[in-house]
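The values are calculated or read from the model by the stated rules, or taken from the named source; none is laboratory data. All figures in this text were calculated on a predicted structure; none of them were measured in a lab. Methodologically, a virtual Cβ is constructed for each residue, glycine included, from the backbone with ideal geometry; neighbour enumeration extends over all protein chains shown.
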């Protein structure tokens, strides 16, 4: 046992749940935190123990199933286990407890094997007096609820498997809803074999059961949480020391005038005695007139939970941040972080902010307005498929191991893998059938091995392996042969985590050197939504590089230099620009950078088709691009004659008037069959429409000099001429 400090985060459980309704987090993140907090409602119930004065207290969310309890399970760590074990079961219980102590809590939670031991004691059902065997098992943890459960096998699958494994009789309280093969956690069954609850719908019986438990004086209604208080002590050197001294076994906070307590210097950092931290080795530091200093240090999240507040008032020497400064700056507007922080740093940070709010030190009680969980850039791995034959050695002649190596096609490798590893002759026959002219195959020995090998993506062009580069990198394969397709060795492809061990990492420096930093930045944004994990494919970067070169050519001609003109833009050009401003601004605001890059590409292509080189169109587009590609835009800004930075330029403002439609194209039908298309002003009257229709060459051809019987005009839909 070791003395530990804890962060009482459970005191904030409800507020942490309620606060999720006020922040802009993803539904997935909110669900993760909600599940981690694990709020549930039910009852605590005391069961008498036969032959003992103490009670066995359990927490249950399903008090309606109390007549279906067939056994109880107590966490092995609970002292009660040793207090209630019978003489006959003592040896078995002691042996099991020793086994559980050798395992971590994580191992116990992940365990699929069913283990446990009967204690020899019995609980008494408070309503029908039945004796219920009390077991202990590692699947019940002391830190959750009361450290004991009432097991209802017909309604809980884990209890059901336990009962089946140890041949514990199962009481059916849900009739046909239980098939005897698996538990059914329903709340919709009509209760049977349940005393005063018989005939009631289970979900209606929950409150009735709780009232009966309270009236009988054997329990109370209770809200419980899966989340536990967070361990706050670390037995290591690096960390904030606790401003605590111990006097006669009582912790006393240091006087505020003696703060801050700084981490003392240590020449040699090594563990202390009895599991204490390194600071316990500094006797002069530990022993003070006020008592013994705490020798544990705080965890990393002691600082990471609130360090960001210091940015509001970094030079304040009296407090972490003045109330005036925090009232002005308020919450962090945007927090970008991975989901791995969901139930750690992010949760502690939210709790810490609420504490500071309650102390009146800040106004807000949630640290972050908006959270974006960025996805991972994954590696696109490349594989080659090796068949290797080893020569049978003559040890007496001192022969060393020799190999013949052939790299085959992926589909052929898959076929070989479908043949049993023990059937070497069948594998060799298949190879000889596929490669009748290959010397390695025709001289094959029974000492054969197959392997799918990662190959460095930097020596693969798309999916084509650079065989010479591979042989230089791996000289052991200098004499290997490759099965080619159209003169190329084609690699297999798989998306995996980017890792050096998988040879699928790409050095950003190399890409920046080849394509420029702007291309690298924009391709990262272009390959997919920011919150999604997506594979890196160096081939794809060339498309972004072509776009930036095309954008450059709107401003600069290779022979003429800067070709930007001062001409006034046309309506079509202004419409294109303002549509781009609207789309890119919206995409950027909602972190949809990939569609933002796509918007730039579309605008650049359309301006190229229009042969537009006008300053009033290109300059606003240049400013729009600056956050995405700051280097090329800075260079072009300078070429346009500006002395300052493009980053100081006013952001373009979208104007609705330039994109508002003034006309519409209508299908023009003759006797109900579309023959032409006619573009009309949106405010055209019936008379104007008829005049324009009669002037149309296609209509005149069909009229043959006569007047139409009728001209039908349905605004925003169609025009039909009846001849």
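From the list 176, 146, exactly one residue is on the phi < 0 side of the Ramachandran plot and free of Cβ contacts under 8 Å to residues at least 40 places away in the same chain. Which is it?
176
Kindly check whether there is at least one residue in region 319-330 that is more than 22 Å from residue 36 (Cβ to Cβ) and under 30 Å from the mean Cα position of the chain (by Cα).
yes
Please work out which residue is modelled with the highest pLDDT, limiting yourself to region 525-540 and to residues that are part of a helix (DSSP H, G or I) and surrounded by fewer than 15 Cβ atoms within 10 Å (Cβ to Cβ).
540
Name the single residue that is nearest to residue 536 (Cα to Cα) among those in region 458-471 being in contact (Cβ under 8 Å) with a residue 12 or more places away in the chain and assigned to a helix (DSSP H, G or I).
458
Quick one: count up the residues across region 269-295 that are assigned to a loop (DSSP other than H, G, I, E, B) and touching a helix residue (DSSP H, G or I) at 6+ places or on another chain (Cβ under 8 Å).
5
Which one of these is at positive phi and touching a strand residue (DSSP E or B) at 6+ places or on another chain (Cβ under 8 Å): 528, 487?
Matching residue, one of 528, 487: 528.
Just to be sure before I move on: is residue 667 under 30 Å from residue 587 (Cα atoms) and either outside any loop (DSSP other than H, G, I, E, B) or touching a residue at least 24 places away in the same chain (Cβ under 8 Å) (or both) in the structure I sent?
Here the answer is no, as residue 667 does not meet what is asked.
Hey, among 260, 251, which residue is in contact (Cβ under 8 Å) with a residue 12 or more places away in the chain and either part of a loop (DSSP other than H, G, I, E, B) or in contact with a helix residue (DSSP H, G or I) (Cβ under 9 Å, 6 or more places away or on another chain) (or both)?
That would be 260, the only listed residue that is in contact (Cβ under 8 Å) with a residue 12 or more places away in the chain and either part of a loop (DSSP other than H, G, I, E, B) or in contact with a helix residue (DSSP H, G or I) (Cβ under 9 Å, 6 or more places away or on another chain) (or both).
List the helices (runs of 4 or more DSSP H) inside region 406-457, counting only whole elements, that have at least 1 residues being over 27 Å from residue 496 (Cα atoms) and at pLDDT below 90.
Result: 424-434, 439-442.
So how many residues does region 642-682 have that are under 30 Å from residue 551 (Cβ atoms) and in contact with a strand residue (DSSP E or B) (Cβ under 9 Å, 6 or more places away or on another chain)?
1
Just name the residue that is surrounded by the most Cβ atoms within 10 Å (Cβ to Cβ) out of those in region 680-694 that are touching a helix residue (DSSP H, G or I) at 6+ places or on another chain (Cβ under 9 Å) and not in a loop (DSSP other than H, G, I, E, B).
Once the filter is applied, the top-ranked residue is 693.
Any residue in region 308-317 that is more than 42 Å from the chain's Cα centre (by Cα), not in a loop (DSSP other than H, G, I, E, B) and not assigned by TED's automatic domain parsing to the domain that holds residue 144?
Looking for residues that are more than 42 Å from the chain's Cα centre (by Cα), not in a loop (DSSP other than H, G, I, E, B) and not assigned by TED's automatic domain parsing to the domain that holds residue 144, one finds none in region 308-317, hence no.
Of the conditions (1) at pLDDT 95 or above; (2) over 27 Å from the mean Cα position of the chain (by Cα); (3) surrounded by 15 or more Cβ atoms within 10 Å (Cβ to Cβ), residue 522 clears all except one; give me its number.
Condition (2) is where residue 522 drops out.
Among (1) touching a helix residue (DSSP H, G or I) at 6+ places or on another chain (Cβ under 7 Å); (2) at pLDDT below 90, where does residue 552 come up short?
Unmet for residue 552, out of (1) touching a helix residue (DSSP H, G or I) at 6+ places or on another chain (Cβ under 7 Å); (2) at pLDDT below 90: (2).
Tell me, which residue of region 435-449 that is surrounded by 15 or more Cβ atoms within 10 Å (Cβ to Cβ) and touching a helix residue (DSSP H, G or I) at 6+ places or on another chain (Cβ under 6 Å) is nearest to residue 420 (Cα to Cα)?
448
Residues being surrounded by fewer than 18 Cβ atoms within 10 Å (Cβ to Cβ) and in contact (Cβ under 8 Å) with a residue 12 or more places away in the chain: count how many of those fall in region 299-310.
4
Looking only at region 501-513, which residues are exposed (fewer than 13 other Cβ atoms within 10 Å of the Cβ) and modelled with pLDDT under 90?
Hit for region 501-513 is 507, nothing else.
Does region 14-36 include one or more residues that are touching a strand residue (DSSP E or B) at 6+ places or on another chain (Cβ under 7 Å), modelled with pLDDT under 95 and closer than 30 Å to residue 126 by Cβ?
No.
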